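The values are calculated or read from the model by the stated rules, or taken from the named source; none is laboratory data. All of these numbers come straight from a predicted model, not from anything done at the bench. Because the Cβ atoms are built from the backbone with ideal geometry, glycine has one as well, and the counts that use them run over all protein chains shown. Calculation scope for accessible area: heavy atoms of the full protein, side chains included, ligands and nucleic acids excluded. Shrake-Rupley method; radii C 1.70, N 1.55, O 1.52, S 1.80 Å.
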Amino acid sequence: MGSMITEPVSAKEIGRMLDKFSRPGLPKYTALRDAVVHAVASGKFAPGDRLPNEQELAEALPISLGTIQRGLRQLVDEGVLQRRHGQGSFIAGRTTNDEMSHPFHCRFIDDSGANYLKVYPKTTGRKQLSDKGLWSAALSAAKGVEITRVISIGKEFSVYSSFVVDALRLPIFSELSLRELDGENFKDLIFRASGQLIKRVDLFLRQAEAPKDALKALGLSEGAQCLCLKAIAYLTEGDAVYYQNIYIPPTNRELHVIADARASGFE
């Protein structure tokens, strides 16, 4: 079961925000996008909040329907909004049953070939890091926090994730309980904490022996080989915000690999 449908955010409220973000020379669709992004980053809009439909917005805002559609499409492409067929547009975020919304690095294709298997992350541990390593070089950080998770893919198989951020830059990853991190899309959490969207991700693939923690979590025998997907994400050019390794056991499922953090993948 997904998120419950909530009452829509007031179109008049969106209109007031649009006035605040409109300025000469800025396209109206960009002002609409900026207003919604700010409302989400500041906590005014919460994951699961439903926006008015396009026609309601067109009646309330001093901009055309086409301009509204363009602004909403940009928000969907950036992962800020999630469209649900027959229900409308919602602020993206976790659902009530710990299913991750719009997963990025775990887009395994289902039997239809046109959708992804559902993803259910379970947090298994958190550790403060101070010893230098690949993570510290990538993030230019002296102190890190590592979150480990076992991620169920369509409840068919699981992958193991080691996710590291700068502990000083993103203290929210140390402050939330492990239970609160279950089902959370960390890309969304970074956005809500910093107000910035991830723009690019460098991805590296290799066949490797899984580390002991991954072997234990996935129930694999000693020396088992996994496909390791390493991801380094950037807010701006040269500004890395997270370092992640995902260990994928042998599977016939195809993984859709996307490096552009704004790409929505299958609709």
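Here are the numbers:
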| item | result |
| --- | --- |
| Of all residues in the stretch 25-76 being of a type in the set (Ser, Thr, Tyr) and surrounded by 14 or more Cβ atoms within 10 Å (Cβ to Cβ), the one that is farthest from the chain's Cα centre (by Cα) | Thr67 |
| Enumerated strands (runs of 3 or more DSSP E) restricted to the stretch 170-267, each holding at least 1 residues that are basic (Lys, Arg) | 200-209, 225-236 |
| Sole exception among (1) open to solvent by less than 30 Å² (accessible area, probe 1.4 Å); (2) touching a Cys at 6+ places or on another chain (Cβ under 7 Å) for Arg206, by number | (1) |
| From Ser140, Ser136, residue being more than 14 Å from Phe186 (Cβ to Cβ), surrounded by fewer than 20 Cβ atoms within 10 Å (Cβ to Cβ), more than 17 Å from the chain's Cα centre (by Cα) and in contact (Cβ under 8 Å) with a residue 40 or more places away in the chain | Ser140 |
| Single residue of the stretch 229-251 satisfying the filter (polar (S, T, N, Q) and out of contact with any Cys (no Cβ under 7 Å at 6 or more places or on another chain)) that is surrounded by the fewest Cβ atoms within 10 Å (Cβ to Cβ) | Thr236 |
| Condition check for Gly113: at pLDDT below 95 and open to solvent by 40 Å² or more (accessible area, probe 1.4 Å) | yes |
| Scan of the stretch 156-183 for residues that are in contact with a Phe, Trp or Tyr (Cβ under 7 Å, 6 or more places away or on another chain) and over 24 Å from Gln196 (Cα atoms), ordered by number | Val159, Tyr160 |
